[in-house]
Amino acid sequence: MADVWKPDEDDVVDLSQIGALGWLRFALRAIPIVVLILICLTALLLLRLIERPLFGLGRPITPFITQFVCRNAFRIMGMRFSVKGTQMTHPGAVVANHSSWLDIFALNAAKRVYFVSKSEVANWPGIGVLAKATGTVFIERNPRKAKAQKEVFEARLKAGHKLLFFPEGTSTDGLRVLPFKSTLFAAFFAQDLKEILWVQPVTVNYYAPDAEEKRFYGWWGEMGFFPHLVKTLAVRKAGRVEVVYHIPLRVSQADNRKSMALECERAVRRGHHFDGKDI
């Protein structure tokens, strides 16, 4: 188990190694994915014009579009996708380890969820628009806004949304699970929520393509999004991703947010293919 992990500063994607065939594979995969996203995003935004006035925070239709996009994106990539375990039906949240931007596709493909993300993502070109359209909750690392953000969490949870966040606070190379930060667990312990909410730990495992290093899908540190995207789509034969659902934990049975965070972390570690193992 690695409690402290310092990424190598020179961990960058070298696009000069892609080659002509690699760029061709990238184009043949990237173009259909972009078309898929644009068509489905348009449909989602149009449906929200009807869905929002009728259901408010509720989203009974549009999450299925997000799930459709993510599942088919993996098909276009040629990347095998599998799910283990049982998804909880209780009201509550989902927590997972964070290894890559691909986590968004993997976790949305498996379950209709709403991500909790840092506020900066809202301003990222392209990705920010997608995040807003799919109901992402944005948070700021500002103590003065902690109370307001906690109220947003509570409102979304009461609306039946499965909020999903990454308690590690950063992404890794996919070979480890970092200690879970307990801050965001505090919202679950609100007096009118803790008796009804559950939290389900989830492990996301990536298996690299043949002949590639084990951390092939990891995206961390100062890695640029576009170079990593190119590398992912240019590979001749893609690897696979596995989403493992663990037994849900009832919030009311935890002593506090720190004990809840620790139990979730332990569950995610147990399901991780590499963490704590000889790699």
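Key figures
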{"quantity": "Complete set of residues in the range 191-215 that are within 16 Å of GLN253 (Cβ to Cβ) and either among the hydrophobic types (A, V, I, L, M, F, W, C) or touching a residue at least 60 places away in the same chain (Cβ under 8 Å) (or both)", "calculated": "LEU193, ILE196, LEU197, TRP198, VAL199, GLN200, PRO201"}
{"quantity": "Qualifying residue in the range 136-149 (condition: of a type in the set (Asp, Glu), in a helix (DSSP H, G or I) and at pLDDT below 90)", "calculated": "no"}
{"quantity": "Identity of the residue in the range 249-265, without any contact (Cβ under 8 Å) to a residue 12 or more places away in the chain and assigned to a helix (DSSP H, G or I), that ends up surrounded by the most Cβ atoms within 10 Å (Cβ to Cβ)", "calculated": "SER259"}
{"quantity": "Residue in the range 205-218 that is at pLDDT below 95, among the basic types (Lys, Arg) and surrounded by 20 or more Cβ atoms within 10 Å (Cβ to Cβ) present", "calculated": "yes"}
{"quantity": "Residue in the range 88-102 that is part of a helix (DSSP H, G or I) and touching a Phe, Trp or Tyr at 6+ places or on another chain (Cβ under 7 Å) present", "calculated": "yes"}
{"quantity": "Number of the condition not met by ALA186 [criteria: (1) assigned to a loop (DSSP other than H, G, I, E, B); (2) of a type outside the set (Ser, Thr, Tyr); (3) touching a residue at least 40 places away in the same chain (Cβ under 8 Å)]", "calculated": "(1)"}
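For every residue, the table says whether it meets (1) closer than 27 Å to VAL34 by Cβ; (2) touching a helix residue (DSSP H, G or I) at 6+ places or on another chain (Cβ under 7 Å); (3) not polar (S, T, N, Q).
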position: VAL129; (1), (2), (3): yes, no, yes
position: ALA133; (1), (2), (3): yes, yes, yes
position: LYS162; (1), (2), (3): no, no, yes
position: PHE166; (1), (2), (3): yes, no, yes
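The values are calculated or read from the model by the stated rules, or taken from the named source; none is laboratory data. Remember, predicted model here, so these are calculated numbers, not experimental data. A quick note on method: Cβ atoms are made from the backbone with ideal geometry, for glycine too, and the neighbour counts reach across all protein chains shown.
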